[in-house]
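S.K.: I have a structure I would like to understand better, so I am pasting it below and will then ask my questions one at a time.
No lab work stands behind these numbers, since they all come straight from the coordinates. For clarity, every value in this text was computed on a predicted model and none was experimentally measured. A quick note on method: Cβ atoms are made from the backbone with ideal geometry, for glycine too, and the neighbour counts reach across all protein chains shown.
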Amino acid sequence: MRTDPTDTGGLFVGRRPGTAPTRYGAPPERGGRGRRRADALLAHALLALMVVLNLCFWGPIPAGALWVASQVQYRTDSVSWGILLGFCALLAALFAGLAVLKRLDRAWILVRRAAAVDQRGGVLGRVFGATAAICGLAFAFWFLVIHGPGSVTISGNGKS
């Protein structure tokens, strides 16, 4: 009888369906030097694509949803419809982006394993955290220094 919580998904009664740990086979055979270099380059390209897509979550996607909301409000003359469809567009774009990122993360793991790296986990969480920190710091700098409430020289809040 297995009662270890790591074997049973945190429960002492048995494992829930779909929660079994991922078991990887033996690391693949090492390819030639050129093949490993090509796989490493492809892994870097996938990682860069993941970073770019993650950065889109913090600017272009919300701006696009605001544009959709403004167009709906302009064409229907209804603020409520604009807000509703803007939020729907935002959620659809964010969930679609997350689905693409999850697929890219799985592909990154496979490419890293093909490059003879014993890669067992993805990088999506770290990429998302890094882009959130970078965009948060950039927004804080913009808000507090460039256009902030105390900025007189740039924002035009001072007297001329």
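S.K.: Provide the FRET efficiency to the nearest 0.05 for the residue 98-residue 77 pair, computing r from the beta carbons and using R0 = 35 Å. Could the numbers behind the result be given before it?
M.R.: Details: r = 33 Å, r/R0 = 0.95.
About 0.55, to the nearest 0.05.
S.K.: Kirkwood Rh, Cα Rg: Rg to Rh for the stretch 33-134?
M.R.: Working: Rg = 18.1 Å, Rh = 15.4 Å.
Here the Rg-to-Rh quotient is 1.18.
S.K.: Calculate one ³J(HN,Hα) per residue across the stretch 37-45 by plugging θ = phi - 60° into the Karplus curve 6.51 cos²θ - 1.76 cosθ + 1.60, and present them in order as whole Hz with x for glycine and proline.
M.R.: So the Karplus estimates, Gly and Pro as x, are 5, 5, 5, 5, 5, 5, 5, 5, 5 Hz.
S.K.: Using the Karplus curve 6.51 cos²θ - 1.76 cosθ + 1.60 with θ = phi - 60°, work out ³J(HN,Hα) for each residue of the stretch 72-84 in order, rounded to whole Hz, and write x for Gly and Pro.
M.R.: 5, 5, 5, 6, 9, 6, 10, 5, 4, 5, x, 5, 4
S.K.: Please find the FRET efficiency linking residue 66 to residue 126, where r is the Cβ-Cβ separation and R0 is fixed at 30 Å, and quote it to the nearest 0.05.
M.R.: FRET efficiency, residue 66 to residue 126: 0.55.
S.K.: Set the Förster distance to 35 Å, then compute FRET efficiency between residue 58 and residue 33 from the Cβ-Cβ distance, nearest 0.05.
M.R.: Values: r = 39 Å, r/R0 = 1.10.
After rounding to 0.05, the efficiency reads 0.35.
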